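Remarks on the structure that follows.
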Amino acid sequence: MKIGSLKGPTTMGLVNLMQETEDGEAQGSYSFTMETQPDAVAAEIVSGAVDAALIPANMASIVYNKTQGGVTAVAVNTLGVLYCVTGDESISSVKDLAGKTVYSTGQGATPEYALNYLLEKNGVTDCTVEFRSEATEIAALLAQDPTAIAILPQPFVTVAEAKNDALRTAFSLADEWDAVSDDGSKFLTGVTVVRNDFLKDNKDAVDLFLQESADSVQKAQDDVSGTAALVVKYGIIEKEPVAEKALPSCGLACITGSEMKEALSGYLNVLYSASAESVGGALPGDDFYYGA
C-alpha cells in the first residue's frame, strides 16, 4: 500500500508505523512518500501514484470533487493545530481579539475561514487580520514585537516560543471551535483518503492500515520522547527538544466511522458556507465517508 503524506503534523502520527515498516515489524506492507506541499500529495492520489494520502481536510473534499467521487475519506488524522501566540497578557480567547490586529498565514485557505468563523460566532466585528505568506515571516514579526498577536500552526508555535520567553500560547483555535460548535463538527487539519480503485479490491488492507495508524498515534501519545526522535529521523522537525515539546499539541488522531463523518462533514459545511471553492465547489456525498 503506497502512502503519500505531508511534512508536518499529518505525518508525525505515522512515524512509529514508518519505523515498524522499516524494521519489518508492520503487519501490512507499506511504502511512504512525504511532500512539503499539499498540492503535490493531492496530485499523487489523483494520478494513482499513491493509494492513500494524508492531506488537508478541505483538500480531501477538493480531490473528491475533482475525481468525481473517486476517493473515500477513511480517517481524520490530525485535529486543529492552529494557536494564537502573543506576549499580550490581555489575550486569552477569540473575544479578546476585538479591536486588535492579528497576523496569520493561509489567506484563502483553512486558517482564514476558521478564524472568520470564530470571529463571527463570538460577535467580533473589528478585528483586523493581516496575512503573510509564510509562518517563518510571522515568527520573525513576533521576535521583533512580542506584543504582536499571531495565529500559527504547530510546530512553528513551539519554535517561536522556544526562541522568545516573552511569547505564550493564548488559546487553541480547536478549543474555541468546540466552544461555539453545536453540530458535532471539529476543527480539523488532516484527513486520510484512499483511492476507490484501490479500496474496492483491498478493503482488508485499508482496515489493517487504519488499525496500524491508530496504534502509531497511540504510541506517539504514550512515548513522546521516542516518537520525537523518529520525527527528527524522518526529517519533519530538526531538533528533538522542539519535536518533544510540539508533539502533544499537534492534534494527532485517528478518528473513523460515524464520529469521523460528524466531525468532518460539519467542518466542511462551515468552509463551504464561507467559500464553496474552498471545498472544490460542492460538499461531498455520503459515499465519501468510510464506515459511517
Q. Counting only residues that are open to solvent by 30 Å² or more (accessible area, probe 1.4 Å) and either of a type in the set (S, T, Y) or within 24 Å of G266 (Cβ to Cβ) (or both), how many does segment 185-200 have?
A. 3
Q: Would you mind finding the one in D39, D23 that is surrounded by fewer than 17 Cβ atoms within 10 Å (Cβ to Cβ), at pLDDT below 95 and either within 17 Å of V206 (Cα to Cα) or not basic (K, R) (or both)?
A: D39
Q.
Criterion first (more than 30 Å from Y117 (Cβ to Cβ), out of contact with any Gly (no Cβ under 9 Å at 6 or more places or on another chain) and crowded, with 22+ Cβ neighbours inside 10 Å) does A228 satisfy it?
A. yes
Q | Those residues of segment 15-46 which are of a type in the set (A, V, I, L, M, F, W, C), part of a helix (DSSP H, G or I), closer than 23 Å to A243 by Cβ and in contact with a Ser or Thr (Cβ under 7 Å, 6 or more places away or on another chain), in sequence order | A | V15, L17, V41
**Q.** Residue match in segment 201-216 (condition: polar (S, T, N, Q), modelled with pLDDT of 95 or more, part of a helix (DSSP H, G or I) and open to solvent by 20 Å² or more (accessible area, probe 1.4 Å))
**A.** yes
Q: Looking only at segment 250-292, count how many residues are aromatic (F, W, Y), part of a helix (DSSP H, G or I) and either in contact with a Gly (Cβ under 6 Å, 6 or more places away or on another chain) or in contact (Cβ under 8 Å) with a residue 24 or more places away in the chain (or both).
A: 2
Q) P248 versus (1) surrounded by 14 or more Cβ atoms within 10 Å (Cβ to Cβ); (2) under 19 Å from the mean Cα position of the chain (by Cα): which is the lone unmet condition? A) (1)
Q. What are the residue pairs meeting all of these: first residue in segment 34-46, first residue more than 15 Å from K2 (Cβ to Cβ), second residue part of a helix (DSSP H, G or I) and open to solvent by less than 40 Å² (accessible area, probe 1.4 Å), Cβ atoms under 8 Å, and 6 or more apart or on different chains?
A. P38/M59
Q.
For V74, only one of the following conditions fails: (1) touching a strand residue (DSSP E or B) at 6+ places or on another chain (Cβ under 6 Å); (2) free of Cβ contacts under 8 Å to residues at least 40 places away in the same chain. What is its number?
A. (2)
Q: Name every residue in segment 85-130 that is open to solvent by less than 60 Å² (accessible area, probe 1.4 Å), in a strand (DSSP E or B) and out of contact with any helix residue (DSSP H, G or I) (no Cβ under 7 Å at 6 or more places or on another chain), in order of residue number.
A: T86, T101, V102
Q: Tell me, yes or no, whether segment 156-169 has at least one residue that is under 30 Å from L210 (Cβ atoms), aliphatic (A, V, I, L, M) and surrounded by 16 or more Cβ atoms within 10 Å (Cβ to Cβ).
A: yes
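The values are calculated or read from the model by the stated rules, or taken from the named source; none is laboratory data. These figures come from a predicted structure and were not determined experimentally. Please note: Cβ atoms are built from the backbone with ideal geometry, for glycine as well, and neighbour counts cover all protein chains shown. All accessible areas refer to the heavy atoms of the entire protein, side chains included, with ligands and DNA or RNA removed. Shrake-Rupley method; radii C 1.70, N 1.55, O 1.52, S 1.80 Å.
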